[in-house]
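In what follows, a structure is listed as structure tokens, so that the remarks can point back to it.
We did not get these values from a lab; they are worked out from the coordinates using the rules stated. No experiment lies behind these values; they were computed from the predicted model shown. Cβ placement follows ideal geometry from the backbone for every residue including glycine, while neighbour counts extend to all protein chains displayed.
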Amino acid sequence: MKGAPSSSGVGLGLGGLLGALAPLYPALLLLAPLGLRFGLPFFLGLVLVLLRGLLFPVPEPPYGFRVEGTPAVREGFTRWEGHRLRVKHFPPLEDGVYHLRGYLAPPELRRNPGGFDERAWLLAQGIKGVFHVEQAKRLSALPDPRTSFRARLAEGLSPPAKEALEGLVLGDKRGLEDAYLLFQKAGLARLLAVSGLHLGFLVGAVLLLPLGRWRYLLALALLPLYLFLAGPSPSLVRASLMAGLSLLGLFLGLGAAGVVQALGLALFLQLLLRPEAILGLGLQLSYLAVLGLALVLPALRLPPGLKGYLFGGLAASLAVQAFLAPLLLHRFHLLPLLSPLANLLAAPVVALLVPLGFLKLLLGGALAWAVEPPARGLLFLAGAASQGPLLRLGEISPQGFALYYLGLLPPLLALHHLLPWRKALLLASLPALVGLATGLPKPVDLWLLDVGQEDALLARMGGAEVLVDGGRPEQGEKVVRALRALGVEALEVLVATHPGADHDGGLLKVVEEVPVGLALLSPAYQEDHPLVQALRAKGVPILRPGAGTAFRVGKGRIQVLWPSYLSGDDNQDGLALLLDLGRAKALLLADLPAEVEEKLAPGPVEVLKVSHHGARTGTSEALLAQARPQIALIGVGKNPFGHPHPEVLERLQAHGVKVYRTDRMGAVRVDLGYAW
Amino acid sequence: MVLGYLLAVALLALLTLWPKLAPRPLPVRVEALAEASFTPPAPEPVSLNGASLEELEALPGIGPTLAQRIVEGRPYGTVEDLLKVKGIGPRTLERIRPYVRP
């Protein structure tokens, strides 16, 4: 590195970043001329990473191929003919050697807003295939060389302290479960991803030893050991690369590499190894956090002593928060506002626990007395801080990200005295104003969510949202996540069309998590129904409307078309709704049979939510002739009833209706523009 | 530099606001999140003579009792021989035919 221009690491990193992103978004190559500033290293990074990705892409296994064999399964993954595969089996397979039979399939795409994108998650790890196991027989256990270390780490600790320590020292979150949510809501979740913070505390503790320059070598030797014990997560690899470069420089007497330089070089190396790694959330968070620290901290002049320590700690937390905020909001839809404070309080505890925990990996129970109280303290802190206020926001568009970081640029320049503060704030206010303006037009659309063989339909009516049904109880989480991802903070109206686990089960979770203005229930709901009780407990007004009721909601109207009278049959007494969304009308038919359909007089509509998942009991000729829909939505999943029935599909086709079904397409959105 | 910054902000503003403000001729547009392109391969036929009780029970329309009777009625030369088993009629046979072999 000697003699190279001072920005060569940054250039390599930026070039590598562009090279990794270009195959995904070719338009980004238009930005390449901006790299002229960095000269040769930038183009070297760009070309090398781009070629690495294009010439040696992740190989695609033969999808649909039947596989039988006796592979070793480790942490849910296995190898087959040179391909790494994710193993899918219910319940998940423990580590071991198995006799497996099944077939290969591509990873699943996101099926709902805010849903899990298996393809991106696996691609970031260099995996393109999923092994669906139909038959598994365990042959033998797989010895994990790390078991004895783990046992020594856990020795003598109470279960909660043990789980917290496993998360903190090894990044193993499996035991934490509910406590992990607390860490997330407290803004402390990054403590549970082993990264530079941990490595820093560990290396810092070693560097305190009076060993002269050999302490650098000792610290250097710890890096591979830690990688082996905690596993090569992207953040730990990043931190190890950077720390390795700096320690090597120190040992050789060259001085520490500049943080930004080392960061760029580490990014280049990691992307050269696997360009797809850029899709991984861990990698993104890790690099952004360090970038925030590296750009902000050196520009500050800290007062000496304890005051300086506190101020510096708070500034570091804020810098990390500022760089991660849009990414955290985009992925988790919540941002703990107390996070900088909680991190400041947690820092000394973590600084104590990480070296102690590492020693305990080697020494075992002898250290339990010293580890238990701080681990308890950390859990208490997470619990307390998780009660703090949260900022919630839905998914952020790429333009939104670009605007945010553009807005961050002028204050950063001002911090480094490259721009007067007044000018910087003025410039930064422009992207902020644009961001606010883009939030003003409210979307008008219908989302039929994919919740399996069930219905869940969200209507956004220009500033007010209506949720009609919510799938089975186990789907509630999915519905809530979709609401969060779409930026729905509260529901104006919640509708449960008829009692039945496949329509109202998931609503219990929704009522628990999301504020509701008014609940419309079918008259078939008794007072002792769990949903009614949950609504009463939250103080939500309940209405059991009949035909003829109508409301204005947002920029649209809801009209109740059924029931006119009660028959005693839950399906037949369901609510039929007509939504007027301005640009289009939608008829929602719950699980109503054909006898009821004939009595409705909806008039012409654009969108029809087909009754009863496309059962032959509904969607009659008479209804189609009257309503003349252009689009039919069917909420349907794998089912033994043969829904949607071929007769129904034929009738729809004969009327020229375009059919959209959630089992084939995932969530379906009917886009009706925007309202002011 | 400032000019470039202003240009970038203006460009992004245009990109985000235009789709929300532009009048659209089509009243209704539908988009699906994930278009399925993969259908899992047909399950391998189960051997009537070699399969375990569990494998037989996994067949459509076959419960523990019928599975037990199928095992007791071994061996089978053809799939049609299943009709000899008490409780399996032509309808059940047609349902499980794609999933079994002798």
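Observations, loosely collected:
- Förster radius 60 Å - calculated FRET efficiency between A:Asp528 and B:Thr78 (Cβ-Cβ, nearest 0.05): 0.60
- Arranged from fewest to most other beta-carbon atoms within 10 Å of their beta carbon, A:Phe323, A:Phe43, A:Phe90, A:Phe228 become A:Phe90, A:Phe228, A:Phe43, A:Phe323.
- Each semi-axis of the equivalent ellipsoid for the stretch A:69-115 is √(5λ) with λ an eigenvalue of the Cα gyration tensor; in descending order they amount to 22, 13, 10 Å.
- With Cα atoms, 0 to 90° folded angle of helix B:2-21 axis to chain B main axis: 50 degrees
- Shape category assigned to the stretch A:235-391 from the gyration tensor of Cα positions, a/c cut at 1.5: rounded
- Quick note on chain A: its Rg to Rh ratio, both from C-alpha atoms and Rh being the Kirkwood radius, is 1.01.
- Relative contact order %, chain A, counting alpha carbon pairs below 8 Å whose residues are six or more apart: 10 percent
- Global form of the stretch A:592-676, assessed from the alpha-carbon gyration tensor, a/c cut-off 1.5: oblate
- Rg [Å, one decimal], Dmax [Å, integer] - the stretch A:572-628, C-alpha atoms: 10.4, 31
- Prolate/oblate/rounded label for chain B (Cα gyration tensor, a/c 1.5): prolate
- 0 to 90° range, to nearest 10: angle between helix A:398-415 axis and chain A longest Cα axis: 30 degrees
- Distance between the stretch B:17-87 and the stretch A:71-139 - C-alpha centres, whole angstrom: 20 Å
- Ranked by how many other Cβ atoms sit within 10 Å of their own Cβ, fewest first, the residues B:Ile70, A:Ile396 fall in the order A:Ile396, B:Ile70.
- Angle between chain A longest axis and helix A:159-170 axis [Cα atoms, degrees, rounded to 10]: 60 degrees
- Residue separation of A:Thr147 and A:Ser564 scaled by 0.36 nm, minus their Cα-Cα distance, works out to 143.5 nm of gained length.
- Rounded FRET efficiency, nearest 0.05, which uses the C-beta distance separating A:Arg664 from A:Leu30 and R0 of 41 Å: 0.70
- Sorted by Cβ neighbour density within 10 Å, fewest at the top, the residues B:Trp18, A:Trp121, A:Trp562: B:Trp18, A:Trp121, A:Trp562
- Look at the stretch A:107-117: the mean tally of other chain Cβ atoms within 10 Å of its residues' Cβ atoms is 2.
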